[in-house]
Amino acid sequence: MKNIKRIIAFLFIVLSILAVGSCNNDDEIVRTKVEAGNSGENGNGNSGSGSNTGQAEGNEGEITLYKVDGDNITKIKDYKVSGKDLEYQKDTDKHNEIWELAKKIIPLNQRKKMSEFLIYNGEVTGSAGFVVEIKSDLSDWQMGIAINYAYEGGFNAGGELAYTIIHEFGHVLTLNDTQLDAAITQANCKNYFPGEGCARDNSYINELHSKYWNDIWSEYEDAKKDEASHAKFYEKYKDRYVTQYASTNPGEDIAEVFATFATTKDKPSGSTIAEKKMLLMYDRSELVEFRNHIRRNLGLKRAKGNVASFELPEPGSWKQANTIGNPYKTKCRRH
Ligand SMILES: [Zn+2]
């Protein structure tokens, strides 16, 4: 009996480490509270986001957590904050303004994969947005948007916030349970393994990896070990990536390809591998539909000669486009 208890305790520790490990390889974005609360295995009555009525103090700039329910968000909790963050917390009009934009970008059917929305201050982690799974089977995700950056230079200045939301949702789109099988370990995975689970046969990320990463995989694995080699790797294979940031890893690549696919007006000819990656998305009718939804709702689908009603960064020019992220992370984005 004692042994069983020990084994269970050991398993719980291992699972907890696995649950929080995917996003915090460089300790930038640690979602421990949310994930521990949702693991359902600690039995301490704290089911994290849902039933915690006391004011928890976030250590990653958390301000207010919302539950997403179709078109609406309802507050789950306010974190214990002070100073500038308290001002942000009280300014719920801003929270709603950010959510309204997210709602325009993410269609209702896709929103089913995202049941939590966090407003946070990105200064602590240096990130403009992030997503993290809240169920270990990858069927449910939380998106966090940094309110300070969302209003930097004015709301959605230069379309940066919209771009961030598209990029971040690109991670949910490509890492959710319809795309990956979280029950298959890396050792048993015959397809690409992005970290959260094993890519399914027909998944977007497996196709991207097998067609445009596999041939340079060992070179990439060597290069990612230090920044200078990674930068050289990018220079060598520049024509494969829509931005430098996309060369971070296949997870960032596919989020960037999706964001570029959605925000670039014309269908590319496919003269470079970067363009061919975008064409993979044109081959998937549900992604074309998603793209049309974004462009329609942001007023990007305009008749010739009319000025767009909405501004986005020029393709490849968002703030972090010319940087390389942490190659060991798949779904957290630095500002
Ligand atoms: Zn990202």
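Any read-out appearing in this document is the output of simple, stated calculations on the displayed coordinates, not a laboratory observation. Since the structure is predicted, the reported quantities are computational estimates derived from the model, not experimental observations. Positions of Cβ are backbone-derived with ideal geometry, glycine not excepted, and every protein chain shown enters the neighbour counts.
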Ordering of 171-179, 223-231 by burial proxy (mean other Cβ atoms within 10 Å per residue, highest first): 171-179, 223-231
The range 180-333, Rg to Rh (Cα coordinates; Rh as Kirkwood inverse mean 1/r): 0.99
Kindly flag which residue pairs out of K84/K104; K211/K276; K135/K224; K103/K277; K67/K112 have an alpha-carbon separation exceeding 18 Å in this structure. K84/K104; K135/K224; K103/K277
Whether the range 217-280 is rounded, prolate or oblate, judged on the alpha carbon gyration tensor where a/c under 1.5 counts as rounded: prolate
Burial order of peptide ranges 233-241, 56-64 (average beta-carbon count within 10 Å, highest first): 56-64, 233-241
